[in-house]
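The values are calculated or read from the model by the stated rules, or taken from the named source; none is laboratory data. Keep in mind that this is a model prediction, so the values were computed, not measured. Please note: Cβ atoms are built from the backbone with ideal geometry, for glycine as well, and neighbour counts cover all protein chains shown. With ligands, DNA and RNA removed, areas are computed over all heavy atoms of the protein, side chains included. Shrake-Rupley method; radii C 1.70, N 1.55, O 1.52, S 1.80 Å.
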Amino acid sequence: MIFFGSLFRVQPALNEQLSLRALLNIVIERLCQRYKLTLSLAICLCLSSPVHANHPDNPSTAHIPKISAVTNTPNVINRNIVARDNSVANHVSATKNHAVMDVSSDKSSQTIEETADIDGLAPASIWQPELKEPSLYALLDAEFSASRNDKRRAVTIYKQQSFKEDATAVFERALSLSLRNESIGDSLQFARTWQDQNPDHVPAWFYVAHLALRAHDYVLAGETLNRILRYDPRADLSEILIGIYPNTDADKRDLLAALQPLDSEQNASLSVLKAGLLYQFNEPEIAIVHINRALERQPDYVPFITLKADILRKIVTAETVVNYLSQARLRNPDSKSLYLYEIRYLLDLKQSQEAWQLLLQAHNRFSDDAEITLLAALVSLDIEEYDSADQLLNILAKSPRYLDQAYYYLGISAERQQRFEQAKYYLNGVMQEDLVLEARRKVVAFELLNDDVDAAIATLQKLRKQFSVFAPDTYVMQADILWQQNESEEALRLLTRAARKYPDNEMLLFARVQLLDDQNDYIVKRTLLNHLQALDPSNLTYQLSYAQLLLANERSSEQGLALATNIIQIPYDDPRYDNELHLQALNVLAGSALANENYQQVIDYLQTPYDVFPTLRSGTLLLRAYQGLGNNEKVDALLVDLQQRFSFGQSNINDRIQLY
């Protein structure tokens, strides 16, 4: 009302005979001037939307493919409001408070536009001249809604406004918001509907193709890609193909079927996509044709080169592949990726010396690249080039980021050279969380080799203070040391105290189980195993321990036999299969058969596994079975074999230290 008050104050010369129509003409003229000012302010707000939005939206983060085609930016902000003296009905203004001039004598005044309730959203009334182009007021409403996290309203308004004339930018903003807040299917439906209304808008073809691929609508994707290729056979499809590769074989086959009819001879992106799919479906002879087409367009593009190498590995000799990679590397001497690909291929071929030589070349060329330096050091360790490994690792140790890795592998190098004190020095210096436990485990082994039990336990106690996350591990290792020193009761007390601190730690609970006697501690052990199986019902190790406990107390326990039998019946290709667990289950069943004096059953269980992978436990059970049968010849032969294979009471470094 202040505006209207000021309007009348600046017109003192008006007399009472001034007609109502003339007065309205003056009002409309002033309103038009103020309306233009409002539009200018609105334009500034639209152009600076990242300033007033809490979360400025960037279309690139919404995974809309970038389109190289040039489009005309729609003019959605220029408005020409012409006030006509003889057409008052075409001009009605409203402020935020919806001030309305009620002039009963002029029935031609009317409401031109109102934004109705949008899918149940709160209505937003906008009184303004009707426009075929997007409404600035509506767009401002949408942006303010987005900044207030009312994304649904923002998306709906933008979608509505995008279907007006010259609304390309509005469409792209609507699609960006849709991708952020709606499903891929909804975004595809919107993009396709908009593209049907704007059939000559080339960028929309790219959007629809990309979204159809992401939505696994390969029929629509194929049709749209074919349309793009007819328009421009060499169109850059790389952005369309980003992030659309299917995960399942069925989707991959559908995608390949949609791409096959497309003429990709002049399009590198499409050719390489076909080549990749054909390679995965084990059709390398056809795949090589498509990848060669792509390389004709981009002969030095490294991803295309490595894909061709993958395909060649299926159809030509290893020597041919190496020659191809070497030539490509010489053409691209600054490509680290090609060096690494060739090095890893040589390692796959067990050509470690050749890989090492190439790694040294790569290290000289990329002297500041820590990844190559570390890989060169590791290969040096594998081929026992310890001087080279130490030199490279000392270079790596100068980088704070790689210091712990360098120290860890320097410790490994010293260990392999039997320099245990030096190894302890480096391994004690490792502080990286994913390496520190294994490093200290080795230090403990070195201390035990010197029969320094106190130093070994002190190492574990220090680790427990430095890294509380590894406290359960240190308790278990300390208990194992005590058990080796024939202090089983002290070990059990240690684990009991630790279990009070970590009541549901499976490692501690199972360590306690292993120290308890099957018969004397039957009730406690059974309770702990039941608790462990409740924590992890699918754990086969817990099931086997429970079976062993049952059979130790009842020779023919049906439940115990069933549990152990189920484990040995797991097929080799089953993800649950574990070779060591399989052998343990056989030993449990053989032990039960031996207790029942079924000696031949013991031999049936264990003779073949012992021949393939002999263990002391299996050999001992077999020996007792042959003794039960009175087969002295087998007994003598097996006894000699056990004495030759296994040393008793001797310290064997390879048994006590897990080498890298």
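Could you name the lysines in cross-link range of residue 252, using Cα to Cα under 19 Å and dropping any fewer than eight places away on the same chain? The reachable lysines, counting only those whose Cα sits under 19 Å from residue 252, are 274.
Computed from the C-beta positions of residue 438 and residue 301 and an R0 of 51 Å, the FRET efficiency is 0.80 to the nearest 0.05. Applying the Kirkwood pairwise sum to the alpha-carbon positions of the range 511-594 produces a hydrodynamic radius of 13.0 angstrom.
Taking all C-alpha pairs of the range 503-660, those more than 24 Å from each other amount to 43 percent. Computed over Cα pairs, the Kirkwood radius of the range 398-548 leads via Stokes-Einstein (1.567 mPa s, 4 °C) to a diffusion coefficient of 77 µm² per second. When the chymotrypsin sites (Phe, Trp or Tyr not before Pro) in the range 541-609 are filtered for DSSP coil states and for at most 15 other beta-carbon atoms within 10 Å of their beta-carbon, the remaining sites are 572, 577.
Within the range 433-517, the percentage of alpha carbon pairs spaced more than 20 angstrom apart rounds to 31%. Given a 1.4 Å probe and the protein chains as shown, residue 132 ends up with an accessible area of around 150 Å². Accessible area of residue 315 (1.4 Å probe, protein heavy atoms only, ligands and nucleic acids ignored): about 60 Å².
Placing unit charges on each Cβ (+1 for Lys and Arg, -1 for Asp and Glu) gives the range 530-631 a dipole about its Cα centre, and among 613, 596, 560 the Cα reaching farthest toward its positive end belongs to 596. The protection proxy used here, the mean number of other Cβ atoms lying within 10 Å of each residue, ranks peptides 142-148, 266-272 as follows, highest first: 266-272, 142-148.
Tell me, what is a quarter of the convex hull surface for the C-alpha atoms of the range 271-398, in nm² with one decimal?
Average projection, Cα convex hull of the range 271-398: 8.0 nm².
Shape summary: the range 271-343 maps onto an equivalent ellipsoid whose semi-axes, from the alpha-carbon gyration tensor, are 19, 14, 9 Å in decreasing order.
Among the lysines, which have Cα under 26 Å from the Cα of residue 350 when same-chain residues fewer than 8 positions away are ignored? Here the lysines satisfying the reach criterion relative to residue 350 are 308, 314, 336. Using equal-weight Cα scatterers in the Debye expression, the normalised intensity of the range 363-418 in log10 at q = 0.13, 0.14, 0.22, 0.29 Å⁻¹ is -0.26, -0.30, -0.73, -1.19. The residue 489 and residue 371 beta-carbon pair, evaluated with R₀ = 56 Å, returns a calculated FRET efficiency of approximately 0.65. In the assembled protein chains, residue 368 presents an accessible area of approximately 150 Å² (probe radius 1.4 Å). With Cα atoms defining each centre, the range 515-589 and the range 466-512 are spaced 21 Å apart in the structure.
For the range 364-467, the spread of Cα positions along the three principal axes, ordered from largest to smallest, is 48, 27, 16 Å.
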